[in-house]
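What follows is a set of notes on a single structure, which appears directly below.
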Amino acid sequence: MTVTATSSRRTVRRTLARTVLPVVAVTAAAAGCQSSAPAASQPGALPHVHLLAASQAPAGWHLVTLPDGKAVLAYPPSMHQVTGDRGSASVAKVSPSGSYLMYLNATPKQSDETLADWPHFRIEHLTDEDASTARLLASSHGVRFLGGTGTCVIDTYVTREQANHYTELACFVQGKTGSTVIIAAAPSAGWKSESATLTRAVAAFRVR
């Protein structure tokens, strides 16, 4: 639920910071061809990293093309488009109380991140902005996407405002015409139940 463009990241994290949910031990499924998983501080917190296979979106899913035409975000009917920064595409599943339960965002590259340094860049950027702490759980290089190649991380972070806990699968994806970041996130308490849908959306992400 944190996006890569500087302004988008800030907008989303401030929205999420108002969502109060309990934290639980993180379990996750992520992408990877060449993967690494840093040691977890608590038993059971280390995610299992497996191959994320690029695939077409399931029947009935919706598609939204980024304004620059260089990427297409797929999302399930349980999510709907929400307001985001110019140039990005954002969708969310929202609770009756207005809290984000799932969030997807795609934003063109707007900083100096690269495929090689994405794991370091992502964690550093989180703590530079609105996260009080951020922890890398797993990273994968050489991830296959529709139309391109990416580097992905799973991380967990705590917002400075209200100390809310979130987990995200964040990928930097290089296509033929440009680079895009896709973020798939949920409150950590709901990550286990929502991660399959979010990971499926990332697998269906297309770059051009």
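A compact table of results
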| item | result |
| --- | --- |
| Residue, surrounded by the fewest Cβ atoms within 10 Å (Cβ to Cβ), within the stretch 102-137, restricted to residues that are within 18 Å of residue 73 (Cβ to Cβ), touching a helix residue (DSSP H, G or I) at 6+ places or on another chain (Cβ under 6 Å) and of a type outside the set (S, T, N, Q) | 102 |
| One residue from 131, 116, 201 being over 15 Å from residue 71 (Cβ atoms) and touching a residue at least 40 places away in the same chain (Cβ under 8 Å) | 131 |
| Filter result for residue 151 (in contact with a helix residue (DSSP H, G or I) (Cβ under 9 Å, 6 or more places away or on another chain), free of Cβ contacts under 8 Å to residues at least 60 places away in the same chain and surrounded by fewer than 20 Cβ atoms within 10 Å (Cβ to Cβ)) | no |
| Answer from 137, 101 - the residue that is at pLDDT below 95 and of a type outside the set (Lys, Arg) | 137 |
| Near pairs, Cβ below 7 angstrom, 6+ apart or cross-chain, from the stretch 163-181 (in contact (Cβ under 8 Å) with a residue 60 or more places away in the chain and surrounded by fewer than 24 Cβ atoms within 10 Å (Cβ to Cβ)) to any residue that is outside any loop (DSSP other than H, G, I, E, B) and aromatic (Phe, Trp, Tyr) | 179/172 |
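The values are calculated or read from the model by the stated rules, or taken from the named source; none is laboratory data. Only a predicted model underlies this, so the values are computations on that prediction, with no experimental measurement involved. Reconstructed Cβ throughout: ideal geometry from the backbone, glycine too, with neighbour counts over all protein chains shown.
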